[in-house]
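Remarks on the structure that follows.
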Amino acid sequence: MKNICLSLLLSVGFLCGCPQEKNEPPIPVSLSRRELSIVKIAACTAIGDLSSLQEEFDTALNSGMSLNEIKEILIQMYAYCGFPRSLQSISTLMKVTEKRKASGISDTEGPQPATVPVDGKYAAGKAVLERLTGKPEQTPLSGANAFVPGIDIFLKEHLFADIFGRGILSDRERELATCAALSVTDFVEPMREAHYAMARNCGVSDETLAAAVAVAGECRSAFESGKSSAATPFALGNPGPREWFTGTVHVQNLVTPDEMENLYSVGQVTFEPKARTFWHTHPIGQVLLVLSGNGFYKEKNRPVRKLSAGDVVCIPKNVGHWHGAAPGSRFIHIAISNIADNSAAEWLDEVTETEYESVCSEK
Ligand code: MN
């Protein structure tokens, strides 16, 4: 729960780091560069994060992965994420390769897929499945395969014979991709655990599997926090008064004081990057509910509190403070302001550039 009041929060430390330039994170020791690409491409396909996928395609191609190897990950993904996700990723790869071609980069085509014989596909697929699980399939069929024999045929003839039979990627790599995709897909037990077991059987170590799941999870949380950064159901509102705010700020009144017997008001405040309030106090305090972006809450002589979506700040009465956006982030919060003597705030000095920058560099 992020719903913690300020006093408690200050004692447990900060919730998020200062927003920085996007750097390529270090490769986890238990994943090779190639494996990291396989995991990221699979995870981003499963969650539909096409812009991260675009970056990863570039990185993978630059680090020597061939076009056909990347295409093969996307073919594998169609079996586990469906045609729409797979085709979106394929279109994204197409755009990336066109762009690279236009800027004079020639990417390696790589190995061609093997042809799978039309005859004996069911038996071939069954053999692949047994190779992946490391044990003979139980007969007669049971569970879903017995209940819907059509799906059993598709699984054996198509997934395990047609797709796995194409080569280009090893069983180990296909399972690593599948585990990454399933780890970020909700409600896929017991298939997820079954694939973790198959991956181990194909030589993926526990450390590598854990690293793959962690990287995939990071892809998912980065995508989800990015998605919510644009999200507010309320209108932008009007520009905030110059004597209260520095930079571009919009205020949308949601509940006016006269609607609440002059006890409190509720408004949404949208700060463009680096925009912030002046220093101010509230006669009966204020509550901030953070909707999106990264921002700061700073009290005089206290460490800064770094804010992101879901954070709640309880501001005590008569305490000098300011709030606003981090550099490079559009920050939106709801403010619930208590009113005394027809006033919700007393406005003080502007937050100087030096004061703002010192907050940015606070760890
Ligand atoms: Mn305030």
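Quick notes
- Charge dipole of the chain about the Cα centre (unit charges at C-beta), most positive-ward option of 64, 308, 253: 64
- The equivalent ellipsoid that matches the C-alpha gyration tensor of the chain spans semi-axes of 53, 22, 18 angstrom, in descending order.
- Within the straight-line cut-off of under 18 Å between alpha carbons, the lysines reachable from residue 363 are 22, 274, 298, 300, 306, sequence neighbours fewer than 8 places apart in one chain being disregarded.
- The angle between the Cα long axis of helix 67-81 and the longest principal axis of the Cα atoms of the chain comes to about 80 degrees, rounded to the nearest 10.
- Charged-residue dipole, Cβ positions (Lys, Arg, Asp, Glu), region 107-257 about Cα centre, Debye nearest 20: 160
- Value of [θ]222 nm, deg cm²/dmol, for the chain, DSSP H segments ≥ 4, -39500 (n - 2.57) each, nearest 500: -12500 deg cm²/dmol
- Residue 341-residue 363 pseudo-label distance in nm [points 7 Å out on the Cα-to-Cβ vector]: 4.4
- Projecting the Cα atoms of 115, 147, 233 onto the charge dipole of the chain, computed from C-beta unit charges around the Cα centre, puts 115 farthest toward the positive end.
- Centre separation in Å (Cα based) which lies between region 151-193 and region 281-357: 49
- Region 291-354: trypsin sites (Lys or Arg not before Pro) in DSSP loop, at most 11 other beta carbons within 10 Å: 300
- Computed from the C-beta positions of residue 191 and residue 105 and an R0 of 45 Å, the FRET efficiency is 0.75 to the nearest 0.05.
- Largest GNM mean-square fluctuation across 36, 348, 291, computed for the chain with C-alpha springs under 10 Å, falls on 348.
- Going from the fewest other Cβ atoms within 10 Å to the most, the residues 347, 322, 279 appear in the order 347, 279, 322.
- Projecting the Cα atoms of 188, 222, 275 onto the charge dipole of the chain (Cβ charges, centred on the Cα centre) puts 188 farthest toward the positive pole.
- Under 28 Å from the Cα of residue 121 - lysines, other chains or at least 8 residues apart: 71, 135, 156
- Shown here for region 142-237: chymotrypsin sites (Phe, Trp or Tyr not before Pro) in loop regions (DSSP other than H, G, I, E, B) with at most 11 other Cβ atoms within 10 Å, namely 187.
- Relative contact order (%) - criterion: Cα under 8 Å, at least six apart; region: the chain: 17
- Using Cβ point charges alone (K and R +1, D and E -1), the dipole size of region 242-350 about the Cα centre works out to roughly 620 debye.
- Exposed-loop-free span, longest in the chain, where GluC sites (Glu not before Pro) count as exposed if DSSP calls them loop and at most 15 other C-beta atoms lie within 10 Å: 138-242
- Neighbour-count ranking [beta-carbon atoms within 10 angstrom, fewest first] of 66, 106: 106, 66
- Listing 311, 119, 49 from fewest to most neighbouring C-beta atoms within 10 Å gives 119, 311, 49.
- Charge dipole of the chain (Cα centre as origin; +1 on each Lys and Arg Cβ, -1 on each Asp and Glu Cβ, all else neutral): 480 debye, rounded to the nearest 20.
- In region 119-243, one over the average inverse separation of all distinct C-alpha pairs is 17.3 Å, which is the Kirkwood hydrodynamic radius.
None of the figures in this text is laboratory data; all of them are computed from the coordinates on show. None of the values given here were measured: they were computed from a predicted structure. As a convention, Cβ positions derive from the backbone with ideal geometry for all residues, glycine included, and neighbour counts pool all protein chains shown.
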